[in-house]
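**Student:** Take this structure, written in C-alpha cells, and hold onto it; I'll ask about it next.
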Amino acid sequence: MQIRRAGFPLFILGAMALVFIQPAAGQSPGTQSPGKSPEGTSGAATQPAGPALPSVPGSVSAEQIRNLIQRVVANDIENDKKQRNYTYIERDVENNLDGKGNKKSTETKTYEILNIYGEQVQRLIEKDDKPISAKDAAKEEDKIQKIIRKRSSESEKDRQKRAEREAKEREEGKQFEREVVDAYNFTLLGTELVSGREAWVISAEPRPGFVPHMKYANYLSKFHGRVWIDKADLQMSKMDVEALDTVSWGLFLARFHKGSHFMIEQTRINDEVWLPRQLDFKIDLRLALLKNFRVEAQQSFRDYKKFRTDSKIIGMSEVQTER
C-alpha cells in the first residue's frame, strides 16, 4: 500500500487513507538538535506570520484557534502548488502482521520521484535496499519513456482537458480542506519543538452536529488526533490521527477498523516550501472480499531537489534537477 502526498491538510490524511490502495513505508529520521534542520532545510525561522497565541492551555478562545486553523489551511493550499515542483527519493517499508500483531514479512522499496511535464512520476530504483536488476530497470525506463512520449505528443485539446480536470480536482481539494475547519473542535494543548522549531500543539475532536457538504466529508467525524502548527510559517509540521470507529469505503472495496493510526511529519525545504519527511501508519484493513490483514508501514522522504522548468526531458539520463 502507498499513500502519496497530494497536499496534507489538517486531518485530510485520515480521509486520504480511504483512497490509497497502493504500497507504503519509510525510515525514521535522525534526532534533530534545537536550531538545526534536516538536509536541504533552513534552520533560520522566519518572522511569525500569524497570531501571537498564548502557549498556555485553555488561555485562548475557540474562535482564535479556529481562525488560526483557517490560515493554516489557506497556507497549505498555497504550499501544495510549490511542492509539485520538487523531485525526491522515497523509501517505503511495509510490515505485514499476523492477528496477534507479530511481523510475518517485510518488503522495502525505494523510488525516485520525477517531474515529467508537470506530473510527478515514480521510478523504482531499489528493492530491500539493493539496486533492482537490469531487467527491472529496463522496465522502469520503458515506463518513463512511454509517459514522455504520451505527454510530448499530446494534442492541445487533450492538454487543455487534462489541465481543466486537474484544476477541478485542486478546487475540490481546497473546498474539502475548508470543510475540515468546520468538522472539528480544536483545543490548544501547549507548545513543543518539532525539528528544532516551535510549534503549537492542538487537539481536534469531531464536532457534534457537523453537517458535511462534500462527498467523503462525512468520514471526518470518524477520526480524531493532534496537529502541530509551526509558529513562524503557520504550516502543519506534524499530525497524528486515529480512527475512532470502523470506516467502510465503497460497498466491498475497503474497511478500516477502529484504532487504525496515521502520523506524518513535514519539514521546511529551501526556505520556501513544506514537504513530507516521514509518514507512519498502522492499519487493520479488509480489502474487497478478502480476509482481514494488518499492516504497519513507514515512508521516508529525502534528497528534495527543485525541478528546472526549462529542462528538456528526453531520457532518464536527461531528467534535469537543481538543488
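Quick note: the coordinates plus some simple rules give every number you see, no bench work behind them. Every value quoted in this text rests on a predicted model; they were computed, and no experiment measured them. Please note: Cβ atoms are built from the backbone with ideal geometry, for glycine as well, and neighbour counts cover all protein chains shown.
**Student:** Taking θ = phi - 60°, what integer Hz values does the Karplus form 6.51 cos²θ - 1.76 cosθ + 1.60 yield along the range 68-75, in sequence order, with x for Gly and Pro?
**Tutor:** In residue order, the calculated couplings are 4, 4, 4, 5, 5, 4, 4, 5 Hz.
**Student:** Ok, one more. Cα-Cα over 29 Å: which of K109/K143; K161/K215; K103/K305; K103/K130; K81/K150?
**Tutor:** On the way: K109/K143 17 Å; K161/K215 23 Å; K103/K305 35 Å; K103/K130 21 Å; K81/K150 24 Å.
From K109/K143; K161/K215; K103/K305; K103/K130; K81/K150, over 29 Å: K103/K305.
**Student:** Starting from the range 206-278, pick out the chymotrypsin sites (Phe, Trp or Tyr not before Pro) whose DSSP state is loop and whose Cβ has at most 11 other Cβ atoms within 10 Å.
**Tutor:** none
**Student:** Further question on the same structure: Hey, if you put +1 on the Cβ of every Lys and Arg and -1 on every Asp and Glu Cβ in the range 148-199, which of V180, A167, S195 ends up farthest toward the positive end of that dipole?
**Tutor:** Ranked along the dipole, the leading option is A167.
**Student:** Something else: Looking only at Cα atoms, what is the convex hull volume of the range 160-233 per residue, in Å³? Numbers along the way, then the final one.
**Tutor:** On the way: hull volume 8.8 nm³, N = 74.
Roughly 119 Å³ of hull volume per residue.
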